[in-house]
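Okay, so here's the structure we're looking at.
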Amino acid sequence: MSSNTNNPSRNGRSPGRSSPTAGGTQGAKIQLAAWPTILFFVGLLLIFFSERVLTSDGAQRMFDLLGFALMAGMLLTLFGRRGSARDSDERQSYSWMAIDACLVLAGAALYLLFAAKTPAIAEKLSGLFGKKYESAKDVVSVLWPTLVLLGGLPLMFIQRSLGTMTDGIGQAEKVEIVRVRHSGESALSIVLVVLFCASINYVASDRNKKWDLARFRTTRPSEATRKIVANLSKPLKATLFFANPNEVRELVLPYFEDLQAAGGRLTLEVLDHALEPTKARELGASGNGMLVLGVLDEKNPNQAPSQRETINVGVTLEGSQTALSSLDGDVQKKLLQLSRPGRIAYFTTGHGERGFDTGGFFDLQKDDLRAPVGFLRTLLQNQGYEVKTLGVGQGLSNKVPGDAGLVIIAGANEKILPDEVAALTAYVNDGGHLYILLDPMAQATAQDVAPLLKLIGVKYNPTMLANDEVYAVRTQKAADKANIVSTSFSSHVSVTTLSRASGRAGVILPKSGYFERDGAAPAGVQLDFTLRSMPKTYADKNQNFTRDGDEAAQVFDLAAVASKALGDAAAGKAKKELRMALVGSVDAVADLALQNRANAVLALDTIKWLMQEEALVGETVQETDAPIFHTKDQDKIWFYGTIIAAPALILGIGLLVVRRAQRKRQARQRRAS
């Protein structure tokens, strides 16, 4: 047999390694220290801590500089150890580590540069990239984490591989370059898989197609909101604070993306409150789930908005249902407040007009049980108007205030002084906007406002109308016949939304009078009767809710609008336009009637037209829970259907199945016998 004493595979060492000498000492070893890599990642951790935890700009800047300096110092240390390496394998290992560290350092530098808290740096970057600044920010937001991953994970794996070659105190007999290369390649493979998955996810999110079958249709802004965005006079920015992923974010983000695509001056930004505490503090956002709409400075768009409005929608579907159901209305209100500030609507007072106290309507102890107009005031406020009252005490007997954008007379039933009528006449003739809601029960007051109606060639007949066939049922009594309904609209812009639903949407006009032309229309006046009654409507002169022989059935005009251009644009004078809207029933825009969607649309679109905002005419999306009502007979059907019919059906099907199985078994038995 041959001896194995000279076989190098028996002593546990490879041929190239040193063997112990007779004196017990070993050959020279390679020092593979891990502290430069550890301190490099400590520097990266300091930057992470600064950006995620600290809120003070000074503290953030200090920790960012400290972390970056520590990373740069350790990178130089890696280059120094590469230069002092004893063999090519050790030198190659440190070369790879230095390259990886450079990638991480470049990623951190890009992040710190574009997230700089110093305005001078942001201004220089904005000037450098110009209109492509936002696009550059988007590219950097993808590039810096890619660089950190591409360098960081291989650096960790290579350092771990070198650590397994040491004897526990950082010394190794030899650097095994194959193991180092394998570790680096393994880390690189993992990074590439992560980047591939992230890229696929980004493309899927960017090219995402949805079919919204959910109850909350918040992903589709209304036509009116789109028009507001398309006609913005100032640049606005919507900042959404949500973590990613988030179920509410997936509903809100498409809504604002649609608005941004409407072609206006609205820009969109989505931030995580935890990742952007400084911006969140600048915008007044207390946490995720906040929507901030702000007016941008055209000269310095990167500056924090000077005017802003906030909407809190929450971060869970359970807690956000109410906010999501009214999202379109809330956004529309905030947009109007930011883009059209200073609009004031005056309600006249002191002449028995309807009040705003909705609760008082249900208080039977009150003297005035007429329906209030509190919802109309709320509707105006939701459109960004400041609502005030105007009476003799506020100077109505002398002059309408110069800041009045709109004056509303809501169902006056007491004397209006001639001086007040004269002030309103002067206001209208100077290009004012007047909305008169009349009450057929107040015949004397109708005579007081007749001079105002004469300005546009209209007179009001305060005789209550009724219809024996088409009316809104409320009390199940004959008096309900006075709740006439109109489904016939003109082509005027103030009823455009209603005319699109003609025949399906009906405006309810309780206790309504009617309008007639008062001779020829004055020169320059554009007059249009926007609502007409249903056929077979009659003027119930004796209010017995029965059509008598002298009460002809016909179609009546229930509402009117008129406008007249004032001034001479060719002569360089400011061109104004008087606008007036009339409704024969104040109850048509009172609280009870405004619960009918068609009535609310009529009031809103008329106000937009009066304020020369016809470009914004349209319906607001409002998702609310509609109660389901069943009659007593329907309840019986559901009760007996679930208690008797459904079990009987299941029992019958079971009997049929069992009977069929028995027949088959019997047939097999007969064939077998």
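The table below gives the values:
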{"read-out": "Greater than 30 Å apart at Cα, pairs in 481/636; 541/576; 477/536; 234/454", "value": "481/636; 541/576; 234/454"}
{"read-out": "Normalised per residue, the volume of the convex hull around the Cα set of the stretch 79-175 (Å³)", "value": "121 Å³"}
{"read-out": "Length-normalised contact order for the chain - Cα pairs under 8 Å, 6+ apart - percent", "value": "9 percent"}
{"read-out": "Residue 169/residue 84 FRET efficiency (R0 22 Å; Cβ-Cβ; nearest 0.05)", "value": "0.70"}
{"read-out": "Spin-label zone in the stretch 253-267 - amide nitrogen under 15 Å from a point set 7 Å from the Cα of residue 137 along the C-beta vector", "value": "266-267"}
{"read-out": "Normalised convex hull volume, the stretch 30-206, alpha-carbon set, Å³ per residue", "value": "132 Å³"}
{"read-out": "Rg(Cα)/(2.2 N^0.38 Å) for the stretch 482-530, N = residue count", "value": "1.35"}
{"read-out": "Among 473-479, 398-404, the order from most to least packed when residues are scored by Cβ within 10 Å on average", "value": "398-404, 473-479"}
{"read-out": "Residues of type aspartates and glutamates that residue 415 reaches as a straight line, Cα spacing below 18 Å, ignoring anything fewer than 8 places off in the same chain", "value": "353, 368, 439, 448"}
{"read-out": "Theoretical gain in end-to-end length, residue 576 to residue 220 [0.36 nm per residue, Cα-Cα removed]", "value": "124.6 nm"}
{"read-out": "For the stretch 342-616, fraction of C-alpha pairs farther apart than 27 Å, in %", "value": "35 percent"}
{"read-out": "Folded to 0 to 90 degrees: helix 418-429 orientation relative to the chain principal axis, Cα", "value": "50 degrees"}
{"read-out": "Whole-number D in µm²/s for the stretch 458-499 (Stokes-Einstein; Kirkwood sum over Cα pairs; 25 °C, 0.890 mPa s)", "value": "199 µm²/s"}
{"read-out": "Semi-axis lengths, Å, the stretch 368-450, gyration tensor of Cα atoms, sqrt of 5 times eigenvalues", "value": "20, 19, 11"}
{"read-out": "With Cα atoms, 0 to 90° folded angle of helix 177-206 axis to the chain main axis", "value": "10 degrees"}
{"read-out": "Nearest 10 degrees, 0 to 90: helix 88-114 Cα axis against the chain principal axis", "value": "20 degrees"}
{"read-out": "For peptides 120-132, 243-255, sequence by mean Cβ density within 10 Å, most packed first", "value": "243-255, 120-132"}
{"read-out": "Share of pairwise Cα separations in the stretch 223-336, more than 26 Å, in percent", "value": "13 percent"}
{"read-out": "Pairs from 132/237; 299/333; 227/564; 333/399 whose Cα-Cα separation, in the structure shown, is over 21 Å", "value": "299/333; 227/564; 333/399"}
{"read-out": "Segments 389-395, 106-112 sorted - mean Cβ within 10 Å per residue, highest first", "value": "106-112, 389-395"}
{"read-out": "Shape metrics for the chain, restricted to C-alpha atoms - Rg then Dmax, Å", "value": "39.3, 140"}
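Bear in mind these aren't lab numbers, they're just calculated from the coordinates by the rules spelled out. Fair warning: this is a prediction, and the values are worked out from it, not measured in the lab. Heads up, the Cβs are rebuilt from the backbone with ideal geometry, glycines too, and the neighbour counts pull from every protein chain shown.
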